[in-house]
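Undergrad: One structure, as structure tokens, below. Some questions next.
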Amino acid sequence: MTTETPAIDPDPGRFALERAEVARGLDLAYIRRGEGGYPLLLVHGWTETRQIVWRNIEPLDEAGFEVIVPDLRGFGDSGLAPDGFYDPASQASDLHVLVHDVLGHDRCAAAGGDLGGVAIQDLGLRFEGFVERQCLFNTVVPLLPDDYERAGLAPRIPRATRMAADYFLRQGREADELAAELDTPERRRRYIAQFYGPRFWAAPGGFGREAIDFMTEPFADGAKLRASFGVYETAMGTRPAAAPPRLMEKNPLTTLVLYGPEDHVIPNDFPERCEVAFPEVVGPFVVPRAGHFLQWERADLLNRSLIYFFADLR
């Protein structure tokens, strides 16, 4: 059985791109569709840009949401951080300025995985009341070793998962050396392409050649690829953070949790950990035939889930 593949042409110019200054000297690039609907923020992760949600924008717009899709600082068409910060607190602050200050929304819903899920969690806790509900999938959960142990879970990430995260250590500890090795656009794109293919982050067949080309193109730029390592450097302590991340506490927001099990980098006990970390969890629900990139691999299912989960907010 194959994954769902809505007929969305992987064209970088499909949606109009806007820009906004969110900090001194820093512009975020973003897409905005459905102005006047309830604001729904979709946030990409690493190895991704706004293009990962190409299959979500139109269906959610048609369902009555104002769909807001930024490139995070240092990614895609957004600017490099003049202050050098690429940590979750900085990402969350950028998102708040964009949605609240620039677009004028006092509240929103948010959805994302990977780094996007981390930024969303931080956003909801750092700006209390701003995020009304959130949907998270295949992301980093709050660091609560004692709580996990009391629930019968390993307090730390299992060894098998750590072995699949060698890229994390390299990007966090040897970012300059790695960037120097990836010294051509072709090498940079091949490096990113492995996360959509042989590293088995995605379900088999989830990304064809055209889709992989579409996802890797923004990382051909050496400065952007190097900037994307910044969050890993922060996590490993080799780059300072603007503020401590809000990842050391339980998250009280009503949270829909989805999990693509064909993911070799997020632990397979992700659903159980989310039950501990999010007291107001809905689910967690395991999504078959999906891995790390639920927005693309099972777009129809994610779209329906978001439409129903956020329905009464519209």
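The values are calculated or read from the model by the stated rules, or taken from the named source; none is laboratory data. These figures come from a predicted structure and were not determined experimentally. Methodologically, a virtual Cβ is constructed for each residue, glycine included, from the backbone with ideal geometry; neighbour enumeration extends over all protein chains shown. Surface accessibility is based on the protein's heavy atoms, side chains included, excluding ligands, DNA and RNA. Shrake-Rupley method; radii C 1.70, N 1.55, O 1.52, S 1.80 Å.
Undergrad: Scan the stretch 136-189 for residues that are at pLDDT 95 or above, open to solvent by 60 Å² or more (accessible area, probe 1.4 Å), closer than 26 Å to Thr255 by Cα and among the charged types (D, E, K, R) and jot them down.
TA: Across the stretch 136-189, the qualifying residues are Asp146, Glu149, Arg150.
Undergrad: Report, by residue number, each residue of the stretch 136-147 that is in contact with a Cys (Cβ under 8 Å, 6 or more places away or on another chain) and assigned to a loop (DSSP other than H, G, I, E, B).
TA: Scanning the stretch 136-147 gives a single hit, Val141.
Undergrad: Here is a follow-up. Quick check on this structure: which one of Ala277, Ala242, Ala227, Ala220 is of a type in the set (A, V, I, L, M) and open to solvent by 30 Å² or more (accessible area, probe 1.4 Å)?
TA: Testing whether each residue is of a type in the set (A, V, I, L, M) and open to solvent by 30 Å² or more (accessible area, probe 1.4 Å) leaves just Ala242.
Undergrad: Among the residues of the stretch 9-26, what is the count of those that are within 21 Å of Leu306 (Cβ to Cβ) and open to solvent by 60 Å² or more (accessible area, probe 1.4 Å)?
TA: Number of matching residues: 1.
Undergrad: Ok, one more. Please return the ranges of strands (runs of 3 or more DSSP E) entirely within the stretch 27-135 where 1 or more residues are open to solvent by 10 Å² or more (accessible area, probe 1.4 Å) and modelled with pLDDT of 95 or more.
TA: In the stretch 27-135, 38-43 are the strands (runs of 3 or more DSSP E) which contain 1 or more residues that are open to solvent by 10 Å² or more (accessible area, probe 1.4 Å) and modelled with pLDDT of 95 or more.
Undergrad: Right, here's the next one. Within the stretch 280-293, which residues are more than 17 Å from Gly197 (Cβ to Cβ) and either crowded, with 24+ Cβ neighbours inside 10 Å or among the aromatic types (Phe, Trp, Tyr) (or both)?
TA: Phe285
Undergrad: Count, please, the residues in the stretch 246-273 that happen to be open to solvent by less than 60 Å² (accessible area, probe 1.4 Å) and closer than 25 Å to Gly206 by Cα.
TA: 13
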